Each structure stands twice: as structure tokens, then as C-alpha cells.
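**Student:** After the C-alpha cells below, expect a handful of questions from me.
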Amino acid sequence: MAAGHDTFHHVKDSVLFELPFGYHIPLPEIAGFELSKFMVLQVIAGLLILWIFKGLSKRIQSGEPAQGRWWNFWETLAVYIRDQVVRPTIGSGHDHHGGDHHSGDDHAAHSHEQAIAHPADQYLPYVWSCFFYVLFCNLLGAIPSLGSPTGELNVTVPLALVTLSYVVYSGSQITGFAGFWKSLAPPMDLPVLLKVILVPLIWAIEVLGLFIKHGVLAMRLFANIMAGHTVLASVLGFIALSANSGWWYLIAPASIFGQIAIGTLELFFAFLQAYLFAFLTTLFISMAVHPH
């Protein structure tokens, strides 16, 4: 559909970057594979994260606190996710099933817990990756002529699928692959006949709920980010609609003020949506490693 007839074309993916004054930067094909704007922006987000946290890690590897407001800002976000999201949500222990463990297994588990500051910290790399990746993808949309890859289902659905895979993997590490799926149905003390009917039904509902929860994880991120950018585009669109009327002198300043106000709110939502994605991811991991 032509750009002039597509209401949402400014917030959708494309094969070019649109610049002010009608300039465009078309993206090339690589080995017959067409690059898109959101693909490039995701790579940029990943490189920014790598650059920032590689620099931060160099500054704190000696054990001394990082110096400077720039580095302190990113360290504060990382520590907040660790201390206020991952550790309290997942907790300090896991529920293991399957009877008595061999002493060798106990020793290995104890050694593994000693190797990290907190048992839940083993899940930190993934949660941190989710938080900062979503955050940077969101923030790129605040730069004119770019966009937020997280406002596209082709980005949020794979993110949710990777999270689902990690949740299943984390749960399987505790109870085994078969044990993870079995634990979705809680143990129930019921008569045999009733148990035969209810347990498969509840298990099917829990499995369906597992996929629905991760589907909602993708949809809520996509919907919130796309809706915000759509509102921004709509507010600016009032200026063009009133260009040939006397209302322009009233509507244009009001639209610009609204753009600034909503843009500030969008900046807040960029952090909020990244936090919510990381929190829900942590919650799903906690449910997997602490079965019924």
C-alpha cells in the first residue's frame, strides 16, 4: 500500500529509512535476503548494549565502584533489576523432586550455589538481556526517522518464544524435561475416577495457559509501543489537516505542545515496558523452577 494511503506506515517496518525533506535511504539485499529498518535497528540496539556494558564491566572488574554519572546510571538499572526483580521473585532456593539425592549431586549443587552470589543470579543474564534489549529498542523510537522494533509483532513474538524456551529449559533443569510438563498439573488427593477425569483436564488448561501467557507477553509489548507511536503521529497529523484553514495557527502550537508532552510520556513508557517484560519473564521463570 502506498505510504500516502497507509495510516500506520510511519510506525511499521520498511525497506528504507525515511529522512526529513523527502530523503530516503534504501536498504540493500544481502545474498537475496532483504534487510528491513527494524532489522538494522535491532543490530544497533545490540551493539549499543555491548558497548555500554563492556565498558561498565571493565570499570568494575577490579572490585571498585564505577565512576561517572553515565556508568552509574546503567549500573543502577542493572542492580535494580537484580535486587528488586530477579532475587525477590525467584527466591533463594528451588523445589527439587524425585526423592533422595546422591551426595555427589548435593556437593555439585552446593558448589554451584557458592559460585554465584545468590542462587537466582544464574537467571540474571537472560533477564538483563531482555530488559536492556527491549529498553534500547523502545528508546530508538524516540529518535526522528528511526522507529521502535518492539512495535512490530515480528520482533515481539520471537522474543516471547525465546522466553518460553528459556522458561521450559529452566524448569527442566530442576525437575527434568518430563517432570517440568508433569508438574504443570498440581498433585490432588481425589478419588481415582474423579482424578482420571480432572487431572488431564487441568493439565491441558495449564499447558494452554503457559502458551497464552507468553503470547500475551508478545502482544502487550507490541500493542503498547505501537499505540504510543500512533498517537504521536496522529497528534502531528492535525497540523497537516489544518494547513489550509485559519485554525492552523491554533492547532499547530497545540499539536507541538501535545507532541512534547506525549513524547515525554513515551520516554517513561519505554522504561516501563522494558521493566514489565523483564518482570513477567522473571515471574514465569520462578513459576517454572518452583513447580506446584
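The values are calculated or read from the model by the stated rules, or taken from the named source; none is laboratory data. This structure is a prediction, so every number in the text was calculated from the model and none was measured. Here the Cβ is made from the backbone with ideal geometry for all residues, glycine too, and neighbour counts use every protein chain on show. Note: areas computed on protein heavy atoms with side chains; ligands, DNA, RNA excluded. Shrake-Rupley method; radii C 1.70, N 1.55, O 1.52, S 1.80 Å.
**Student:** The conditions are (1) assigned to a helix (DSSP H, G or I); (2) open to solvent by less than 70 Å² (accessible area, probe 1.4 Å); (3) within 24 Å of residue 267 (Cα to Cα); (4) not hydroxyl-bearing (Ser, Thr, Tyr), and residue 216 fails exactly one of them. Which is it?
**Tutor:** If we test residue 216 against (1) assigned to a helix (DSSP H, G or I); (2) open to solvent by less than 70 Å² (accessible area, probe 1.4 Å); (3) within 24 Å of residue 267 (Cα to Cα); (4) not hydroxyl-bearing (Ser, Thr, Tyr), just (2) comes out false.
**Student:** Write out, first by first residue and then by second, each pair whose Cβ atoms fall under 9 Å of each other, whose residues are 6+ apart or on separate chains, and whose first residue, in region 53-65, is farther than 13 Å from residue 75 by Cβ while the second is open to solvent by 70 Å² or more (accessible area, probe 1.4 Å) and of a type outside the set (Asp, Glu).
**Tutor:** Taking only residues 6 or more apart or on different chains, not a single pair turns up.
**Student:** Applying the selection to region 54-74, what residues are open to solvent by less than 50 Å² (accessible area, probe 1.4 Å) and not small (Gly, Ala, Ser)?
**Tutor:** Taking region 54-74 and keeping what is open to solvent by less than 50 Å² (accessible area, probe 1.4 Å), we get 55-56, 66, 68, 71, 74.
Matches in region 54-74: 56, 71, 74.
**Student:** Now a separate question. When only residues in region 133-148 that are part of a loop (DSSP other than H, G, I, E, B) and hydrophobic (A, V, I, L, M, F, W, C) count, which is surrounded by the fewest Cβ atoms within 10 Å (Cβ to Cβ)?
**Tutor:** If we take residues in region 133-148 being part of a loop (DSSP other than H, G, I, E, B) and hydrophobic (A, V, I, L, M, F, W, C), then 143 is surrounded by the fewest Cβ atoms within 10 Å (Cβ to Cβ).
**Student:** If you check 48, 27, which single one turns out to be surrounded by 11 or more Cβ atoms within 10 Å (Cβ to Cβ) and modelled with pLDDT under 90?
**Tutor:** It is 27.
**Student:** If you go through region 172-200 one residue at a time, how many are charged (D, E, K, R) and in contact with a helix residue (DSSP H, G or I) (Cβ under 9 Å, 6 or more places away or on another chain)?
**Tutor:** Of the residues in that region, 2 qualify.
**Student:** Of the numbered conditions (1) modelled with pLDDT of 85 or more; (2) open to solvent by 70 Å² or more (accessible area, probe 1.4 Å); (3) of a type in the set (Phe, Trp, Tyr), residue 38 fails exactly one; give the number of that condition.
**Tutor:** For residue 38, the exception is condition (2).
**Student:** Mind checking which residues of region 183-209 are in a loop (DSSP other than H, G, I, E, B) and under 25 Å from residue 167 (Cα atoms)?
**Tutor:** 183, 184, 185, 186, 187, 188
**Student:** For residue 228, work out the one condition from (1) touching a Phe, Trp or Tyr at 6+ places or on another chain (Cβ under 7 Å); (2) at pLDDT 85 or above; (3) not in a loop (DSSP other than H, G, I, E, B) it doesn't fulfil.
**Tutor:** (2)
Okay, residues lined up against (1) modelled with pLDDT of 70 or more; (2) open to solvent by less than 60 Å² (accessible area, probe 1.4 Å); (3) part of a helix (DSSP H, G or I); (4) closer than 20 Å to residue 12 by Cβ:
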{"site": "212", "(1), (2), (3), (4)": "yes, no, yes, no"}
{"site": "223", "(1), (2), (3), (4)": "yes, yes, yes, yes"}
{"site": "240", "(1), (2), (3), (4)": "no, no, yes, yes"}
{"site": "249", "(1), (2), (3), (4)": "no, no, yes, no"}
{"site": "260", "(1), (2), (3), (4)": "yes, no, yes, no"}
{"site": "263", "(1), (2), (3), (4)": "yes, yes, yes, yes"}
{"site": "266", "(1), (2), (3), (4)": "yes, yes, yes, yes"}
{"site": "269", "(1), (2), (3), (4)": "yes, no, yes, yes"}
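**Student:** Hey, any hits in region 31-47 for a residue that's assigned to a helix (DSSP H, G or I), touching a Ser or Thr at 6+ places or on another chain (Cβ under 6 Å) and not hydrophobic (A, V, I, L, M, F, W, C)?
**Tutor:** Checked region 31-47: at least one residue is assigned to a helix (DSSP H, G or I), touching a Ser or Thr at 6+ places or on another chain (Cβ under 6 Å) and not hydrophobic (A, V, I, L, M, F, W, C).
**Student:** Right, next: Could you check region 168-200 and list, in sequence order, the residues that are of a type in the set (Phe, Trp, Tyr) and either loosely packed, with under 11 Cβ neighbours inside 10 Å or touching a residue at least 12 places away in the same chain (Cβ under 8 Å) (or both)?
**Tutor:** Of everything in region 168-200, those that are of a type in the set (Phe, Trp, Tyr) and either loosely packed, with under 11 Cβ neighbours inside 10 Å or touching a residue at least 12 places away in the same chain (Cβ under 8 Å) (or both) turn out to be 180, 181.
**Student:** Given the condition touching a residue at least 40 places away in the same chain (Cβ under 8 Å) and open to solvent by 20 Å² or more (accessible area, probe 1.4 Å), answer yes or no: does some residue in region 119-128 qualify?
**Tutor:** The first filter runs over region 119-128 and keeps only residues touching a residue at least 40 places away in the same chain (Cβ under 8 Å), leaving 123-124, 126-128.
Pick out the ones that are also open to solvent by 20 Å² or more (accessible area, probe 1.4 Å) and you get 126, 128.
Yes, there is a match, as at least one residue in region 119-128 is touching a residue at least 40 places away in the same chain (Cβ under 8 Å) and open to solvent by 20 Å² or more (accessible area, probe 1.4 Å).
**Student:** Follow-up question, since we're still on this one. Any residue at all in region 149-162 that's in a loop (DSSP other than H, G, I, E, B) and either open to solvent by less than 60 Å² (accessible area, probe 1.4 Å) or of a type outside the set (A, V, I, L, M, F, W, C) (or both)? Can you show your working first?
**Tutor:** Just the residues of region 149-162 that are in a loop (DSSP other than H, G, I, E, B), to begin with: 152.
Those still in the list that are either open to solvent by less than 60 Å² (accessible area, probe 1.4 Å) or of a type outside the set (A, V, I, L, M, F, W, C) (or both) too: 152.
Yes, there is a match, as at least one residue in region 149-162 is in a loop (DSSP other than H, G, I, E, B) and either open to solvent by less than 60 Å² (accessible area, probe 1.4 Å) or of a type outside the set (A, V, I, L, M, F, W, C) (or both).
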